[in-house]
Amino acid sequence: MQTSRSNISIPEPIRDVFSSFSPRWLACIPLSALIVVAWHTAAVAQGFEAPADIDELRVVLDSIFLLFCSVLVIFMNAGFGMLEAGFCRQKNAVNILAKNLIVFGLATLAYWAIGYGLMYGEGTQFIGTSGFFFSGDPAAYGNDAYPAAVPEAISFLFQVAFAATAATIVSGAVAERIKFGAFMIFSVLLVAISYPITGHWVWDGGWLAEMGFSDFAGSTVVHSVGGWAALVGAVILGPRLGKFQDGRPSAIPGHNMGFATLGCLILWIGWFGFNPGSELAATANVPYIAVTTNLAAAAGAVTATFTAWLKDGKPDLSMIINGVLAGLVGITAGCADVNYLSAVIIGAIAGVIVVFSVSIFDSLKVDDPVGAISVHLVCGIWGTLAVGIFGTGSIVTQIIGILAIGAFTVVFSAIVWTVLKVTIGIRVTAEEESIGLDISEHGMEAYSGFVKEAGVFGSSGAAPSSSGMGATFK
Amino acid sequence: MQTSRSNISIPEPIRDVFSSFSPRWLACIPLSALIVVAWHTAAVAQGFEAPADIDELRVVLDSIFLLFCSVLVIFMNAGFGMLEAGFCRQKNAVNILAKNLIVFGLATLAYWAIGYGLMYGEGTQFIGTSGFFFSGDPAAYGNDAYPAAVPEAISFLFQVAFAATAATIVSGAVAERIKFGAFMIFSVLLVAISYPITGHWVWDGGWLAEMGFSDFAGSTVVHSVGGWAALVGAVILGPRLGKFQDGRPSAIPGHNMGFATLGCLILWIGWFGFNPGSELAATANVPYIAVTTNLAAAAGAVTATFTAWLKDGKPDLSMIINGVLAGLVGITAGCADVNYLSAVIIGAIAGVIVVFSVSIFDSLKVDDPVGAISVHLVCGIWGTLAVGIFGTGSIVTQIIGILAIGAFTVVFSAIVWTVLKVTIGIRVTAEEESIGLDISEHGMEAYSGFVKEAGVFGSSGAAPSSSGMGATFK
Amino acid sequence: MQTSRSNISIPEPIRDVFSSFSPRWLACIPLSALIVVAWHTAAVAQGFEAPADIDELRVVLDSIFLLFCSVLVIFMNAGFGMLEAGFCRQKNAVNILAKNLIVFGLATLAYWAIGYGLMYGEGTQFIGTSGFFFSGDPAAYGNDAYPAAVPEAISFLFQVAFAATAATIVSGAVAERIKFGAFMIFSVLLVAISYPITGHWVWDGGWLAEMGFSDFAGSTVVHSVGGWAALVGAVILGPRLGKFQDGRPSAIPGHNMGFATLGCLILWIGWFGFNPGSELAATANVPYIAVTTNLAAAAGAVTATFTAWLKDGKPDLSMIINGVLAGLVGITAGCADVNYLSAVIIGAIAGVIVVFSVSIFDSLKVDDPVGAISVHLVCGIWGTLAVGIFGTGSIVTQIIGILAIGAFTVVFSAIVWTVLKVTIGIRVTAEEESIGLDISEHGMEAYSGFVKEAGVFGSSGAAPSSSGMGATFK
């Protein structure tokens, strides 16, 4: 196609005719003949057959729509990366960033090789059993620019982006103490096996779909799956050193609220790919879904802000952020099934829930540095139930779905985390944790050249005798 | 729709039957007939009727176009957040980020409840009087994937994004000294009442539209409205402590130029939603508008760079940033009405204007920490006038529109700011301002774990005796 | 167009008629009368003629697709800015950010004035000789919302974004020691003259296109061109002070790995505009290209991670980042020509190459602070060769193209850098370099208010006696 670039405009002889006149001249002379020529040649000049009918063009519009939705969902990796890094301490920032970056690479390959086949391959009501190592050959595509059906490639891309989201949710809850290698293995297995199987039950005509379980964009299929895996991981790992001193939780503040806020806003726009894209086609429903999504996010932001303000006496930025995300996770299941006022209510309730949920997990001594469990698991459950309350789903069916997928994911996660624990180990040593995972796991600092408060340096830490080149610890 | 995911490819007839249709349809129609249908057309496999004609598909294309434009405009919240945070001091970063995040939530709800009705509801030439609490019901949308006209949902989403922009402009000018609650109330009132009324005059067939006032994407309707509100706020608040020592303005440098530059580049791409999206339909004019927008931004960047270089002896990064934004604000009114060379000239002049405007407001002792008044008000006025000079508008009409909208916004803002001042107060105490709003208003730091220069710590500040967990101030 | 906003939905009487029927009912009754009404009213309400046939709508879809692809590519400026700033020291951050911001402004104007004409103007097989100061008049566009061919405006916008990419690649390799003015001049000349000429050879039917040289999205045309210019610049400039002490390379760690990771993820999504957009039309091939792109990026990330882990004993975040980019650059030439498994292999090999390449350039004493030469030049060459190995290109032709374009770019760059060196000078003084370019070139700090490690401050640097307002150095 590369040589057709110059042909984006019509061929030279025709172009010459056009360019020799000013637009006004062109408007004054009879154009009909030229236009007929230009219009037929334009299609040929692009090297493609023109679409034969409306449906062929619709297929391409669907594809383009899903491409940009996929891009937005993939951008959520940056959102999660910034959010989680910002909410953790600077001595672990490299580690969290590395986890959030590599997890999308691993998820892509794991889902390509195995997960996509288990989730969308032909098989039973419980599992797909074909379509591994999803293949595509340019010869099969390059000859048909306007095919009769949406190419499977775009479905795969959109689903890869979703699968990676489930894994990246985990990374926040286990942050600041997990071994890098153990996290990588867990992520691969979650995306390759667990997420696709439960996803198949709902989104590929499996037994939960048969029952009428309704989860339009994945409050349960994506968010609570990630949340359950995160919960199990956080419990098995145990809390960070110093989190529960004297039996009381102590605040361990994040190191970069700019990153966290940026991450939240990236996730907000990412959700406009996540929810509307789940329509899987460019239709007039898409704007509707976008509006419910936005209203719920806004309502979650506002109620979380005031809840935290009333509860703690200050409008806590980290709670505004989590309120936005709570509203978004909450509306994900019902974004196409509830009216606008219901969307506001669902988001508003999610914003209240998330504030108290964070406190509850703290009091249960489950250490979740970024609030991932409260946002994705608790509000994911809330959102799935809300379809039964405000939408067309049945509450009983929704509960069955939540429990079934939860049980599978908990059992799967518990097995994997436990096997990893007794084999390669999942937690860094206390000394490595004190130093920070950036130095101990990656041999580098996130913020070379800045003076940080203590920890690794002890009392003389504020002014290490580094060279002008910035200190390293390799 | 969630069960239709597997149908993005159309391989297996059995699978299609299970997943393509809603249960209601399955109950109503004999399966045998459906199998035949599912085999034959992708449209049916997706669970939708195919579009009946070109116009139905055009409507969906318009919707998808406006969705992604809306996403870009909503992303501008991240741009403004990063820009304003970067240009302020680290001790106020949490506050600025919190303002920029919550303002989009508040604006969404306020515009949904009231603003959209005042702006686009049916009414008089001066105000809309219907359509409050904009409602939508999935039953009305979910049955008509390819309707005859663009769904109002997408218009609402696009307009919400615009409304929030006006409010977020204010936040920069009043930064580092305003009370969080007062800012929230002002933002709600601006988005709910003031912005929609003046917007109605121009963009909903109001009296200024009748006169021929031309403001394609909102140099005046959005940017100068935000700028006027910002100016009034900055004047009533007064300058930051220490800004005008000994009668001379002293530079108070921003704390994170990486954030500021990122914010600028996010805003740059956001403008490709802002200006082209204002076409309100996917047409061949859209690329034209994108090119004028980009040329003006580039020209503003270059002229601001050289103007600052000549004026101050250094190429000041904050002026390159403001030059980009000046060019963008300047071209916003005329992006569809001027030729490319004019776009370059409009942007180039805006880039010069912004550099001198910043100095002038400094000399007038109006303290605007991020230059928002110069960028949005001054260049917004310039851009609106430029339509009369380079485009099809009449200068006289343009001036009438600028003055009318400016007068309304100034009076409205002055009343609101004054009422807030005498009731709840709009400015933090001098002590709170010295400590920084992050600690005094939010009880948290933006950059926990880093050693900062003085201020709150006094002379011993460089090495506080914190624990390895990072210090908190709760 | 601004006054048509309220008319985005069709008038109520018409809408009522439509909404009282379900689509299936509508499909079953004679529609012709209704359609005629809807179509005329919709068009009039929007202020546009309706598209006359499928092809007119296709043209608009192509335009919208390319607009959003252009936005993604333009967003890559933010990606490069964050990546390069993060990989350098904080004392040079303002300088790098300023370079990455102004370069897009300069590139836009230079390409508008000269480059676009040399690249896509009519001319010979070696150079275009027309179309300078690309012009557009709203009168010519505003009257034809659905033209017969894709408007040239969108081609220009997409090509501008590409041209800027080539220039921004250079900025990383010459960072931390180049004069700001010299970089600006070089960038303008590269984008105005060198890049367009070699681009014309391949993408506008020039002699390499005639030979069958295949480079779909620019592994050579964009990335290795930028890489060659970077290599020549880095060699002529010489290494940074302290980089090669005692003959051995010493690590100079970057100052903000959050910025670098964010930059990488922005570039990742930017590539979904870069590669699929190079199809230059909305077709069903686009998803295919997106999938090969994503698979290669993922594979590069994973292999670079493990290669660095095996080689250096740690999973180095900067190598994960460069692995992603290596995979992306590697697949750029062949993204439309290779099957999915080949895409994985191409990316995987690129991920290995980049790790060793960084070491090799270090051992050759070529100082490239961000690894730009390894990513863009070396992997650009690899990707271009890979088309001959895995795709439809001929290896011999690919090598001829690589060498011809490389030779032209090297000669051009060497001349320009040398002329700049002997005239205005290209390198700052040793003292300026020690202080950092932020203070010496721009008179400002990137992180005012934070305490940094030494360098400019000497041993007392950790606690400068600044005021509470943050120190400046003007």
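The values are calculated or read from the model by the stated rules, or taken from the named source; none is laboratory data. Given the structure is predicted, the values throughout are model-derived calculations rather than measurements. Don't worry about glycine lacking a Cβ; one is built from the backbone with ideal geometry, like all the others, and counts go over all protein chains shown. Note: areas computed on protein heavy atoms with side chains; ligands, DNA, RNA excluded. Shrake-Rupley method; radii C 1.70, N 1.55, O 1.52, S 1.80 Å.
Figures for the structure shown
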{"quantity": "Residue among B:Val366, B:Val355 that is open to solvent by 10 Å² or more (accessible area, probe 1.4 Å) and either among the aliphatic types (A, V, I, L, M) or facing chain C (nearest Cβ under 9 Å) (or both)", "calculated": "B:Val366"}
{"quantity": "Listing of helices (runs of 4 or more DSSP H) fully contained in region B:102-206 that carry 1 or more residues being modelled with pLDDT of 95 or more and assigned by TED's automatic domain parsing to the domain that holds B:Val73", "calculated": "B:116-120, B:152-173, B:180-189, B:195-203"}
{"quantity": "Selection from region A:72-97 of residues that are closer than 30 Å to C:Phe65 by Cα, open to solvent by less than 10 Å² (accessible area, probe 1.4 Å), of a type in the set (A, V, I, L, M) and at the interface with another protein chain (Cβ under 8 Å from one of its Cβ atoms)", "calculated": "A:Ile74, A:Ala78, A:Met82"}
{"quantity": "Test result for B:Trp309, more than 8 Å from chain C (Cβ to nearest Cβ) and surrounded by fewer than 24 Cβ atoms within 10 Å (Cβ to Cβ)", "calculated": "yes"}
{"quantity": "Condition check for C:Ala209: closer than 30 Å to C:Ile424 by Cα, of a type in the set (A, V, I, L, M), in a helix (DSSP H, G or I) and open to solvent by less than 20 Å² (accessible area, probe 1.4 Å)", "calculated": "no"}
{"quantity": "Failed item in (1) within 14 Å of chain B (Cβ to nearest Cβ); (2) over 21 Å from B:Asn100 (Cβ atoms); (3) not β-branched (Val, Ile, Thr), with A:Gly327 passing the rest", "calculated": "(2)"}
{"quantity": "Where B:Phe216 falls short, out of the listed (1) assigned to a helix (DSSP H, G or I); (2) more than 13 Å from the chain's Cα centre (by Cα); (3) among the aromatic types (Phe, Trp, Tyr)", "calculated": "(1)"}
{"quantity": "Hey, A:Val188 of a type in the set (A, V, I, L, M), surrounded by fewer than 23 Cβ atoms within 10 Å (Cβ to Cβ) and either within 12 Å of another protein chain (Cβ to nearest Cβ) or within 30 Å of A:Ser440 (Cα to Cα) (or both) or not", "calculated": "yes"}
{"quantity": "Sole exception among (1) at the interface with chain B (Cβ under 9 Å from one of its Cβ atoms); (2) at pLDDT 95 or above for A:Thr220, by number", "calculated": "(1)"}
{"quantity": "Test for A:Gly300: is it assigned by TED's automatic domain parsing to the domain that holds A:Cys69, more than 12 Å from A:Ala336 (Cβ to Cβ) and over 24 Å from the mean Cα position of the chain (by Cα)", "calculated": "no"}
{"quantity": "Qualifying residue in region A:369-391 (condition: among the β-branched types (Val, Ile, Thr), modelled with pLDDT under 95 and either more than 25 Å from the chain's Cα centre (by Cα) or outside the structural domain of A:Leu341 (by TED's automatic domain parsing) (or both))", "calculated": "no"}
{"quantity": "Breaking point among (1) at the interface with another protein chain (Cβ under 7 Å from one of its Cβ atoms); (2) touching a residue at least 12 places away in the same chain (Cβ under 8 Å), for C:Pro239", "calculated": "(1)"}
{"quantity": "Residue under evaluation C:Leu265, criteria (1) facing chain A (nearest Cβ under 9 Å); (2) more than 18 Å from the chain's Cα centre (by Cα), criterion not met", "calculated": "(2)"}
{"quantity": "Single residue of B:Val329, B:Val291, B:Val324, B:Val338 found to be in contact with a His (Cβ under 6 Å, 6 or more places away or on another chain), open to solvent by less than 10 Å² (accessible area, probe 1.4 Å) and hydrophobic (A, V, I, L, M, F, W, C)", "calculated": "B:Val329"}
{"quantity": "Of the criteria (1) open to solvent by 20 Å² or more (accessible area, probe 1.4 Å); (2) within 21 Å of the chain's Cα centre (by Cα), which one A:Ile349 fails", "calculated": "(2)"}
{"quantity": "Members of region B:280-306 that are more than 9 Å from chain C (Cβ to nearest Cβ), in contact with a helix residue (DSSP H, G or I) (Cβ under 6 Å, 6 or more places away or on another chain) and either of a type in the set (Ser, Thr, Tyr) or without any contact (Cβ under 8 Å) to a residue 12 or more places away in the chain (or both)", "calculated": "B:Thr293, B:Thr303"}
{"quantity": "Single residue of C:Phe306, C:Phe272 found to be part of a helix (DSSP H, G or I) and either touching a strand residue (DSSP E or B) at 6+ places or on another chain (Cβ under 9 Å) or closer than 28 Å to A:Asn256 by Cβ (or both)", "calculated": "C:Phe272"}
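Residues are listed down the side, and each one gets a yes or a no for (1) within 15 Å of A:Thr198 (Cα to Cα); (2) within 14 Å of chain C (Cβ to nearest Cβ); (3) buried (at least 16 other Cβ atoms within 10 Å of the Cβ); (4) of a type outside the set (Ser, Thr, Tyr):
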| position | (1), (2), (3), (4) |
| --- | --- |
| A:Thr392 | no, no, yes, no |
| A:Ala407 | yes, no, no, yes |
| A:Val416 | no, no, yes, yes |
| A:Val428 | no, yes, yes, yes |
| A:Glu432 | no, yes, no, yes |
| A:Gly436 | no, yes, yes, yes |
| A:Ile439 | no, yes, yes, yes |
| A:Glu445 | no, yes, yes, yes |
